[in-house]
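Beneath this line is the structure, given in structure tokens, with notes to follow.
The values are calculated or read from the model by the stated rules, or taken from the named source; none is laboratory data. Everything numeric here is computed off the predicted structure, so don't read it as measured data. In this analysis, Cβ positions are derived from the backbone assuming ideal geometry, glycine residues included, and neighbour counts consider all displayed protein chains. Please note that ligands, DNA and RNA were not included when accessible areas were found on the heavy atoms of the full protein model with its side chains. Shrake-Rupley method; radii C 1.70, N 1.55, O 1.52, S 1.80 Å.
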Amino acid sequence: MINTDDVELTISLRHDLAHTIKAYAAKEGKTPEQFIVDILWAMRAERGMKQLRKIQEYGQQRAEALGLYSEDDVFRYLQP
């Protein structure tokens, strides 16, 4: 089903790669287009999780540099 916001994109693939996509899609009962869209959404979600982990690591490093190891430490730090 084509949404009015959808954009058609045509790409050229090596024969073996196109065959692999078609085979995987068939195994999952999807069209090659649906299969590729699902892969792209999964990749997007994975990259988002990687960014979140980087932000969490940065926050943890900053907290440790300030001597904040527990929620109580954070609350004490934030008290005027």
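Figures for the structure shown
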quantity: Those residues of region 6-61 which are of a type in the set (Ser, Thr, Tyr) and either closer than 30 Å to residue 73 by Cβ or touching a strand residue (DSSP E or B) at 6+ places or on another chain (Cβ under 7 Å) (or both), in sequence order; calculated: 58
quantity: Region 8-23 - residue that is open to solvent by 80 Å² or more (accessible area, probe 1.4 Å) and part of a loop (DSSP other than H, G, I, E, B) and, of those, farthest from residue 34 (Cα to Cα); calculated: 14
quantity: The listed residue being at pLDDT below 95 and either part of a loop (DSSP other than H, G, I, E, B) or not β-branched (Val, Ile, Thr) (or both), out of 35, 75; calculated: 75
quantity: Selected residue (criterion: least open to solvent (accessible area, probe 1.4 Å)) from residues of region 33-80 that are under 27 Å from residue 21 (Cβ atoms) and among the aromatic types (Phe, Trp, Tyr); calculated: 35
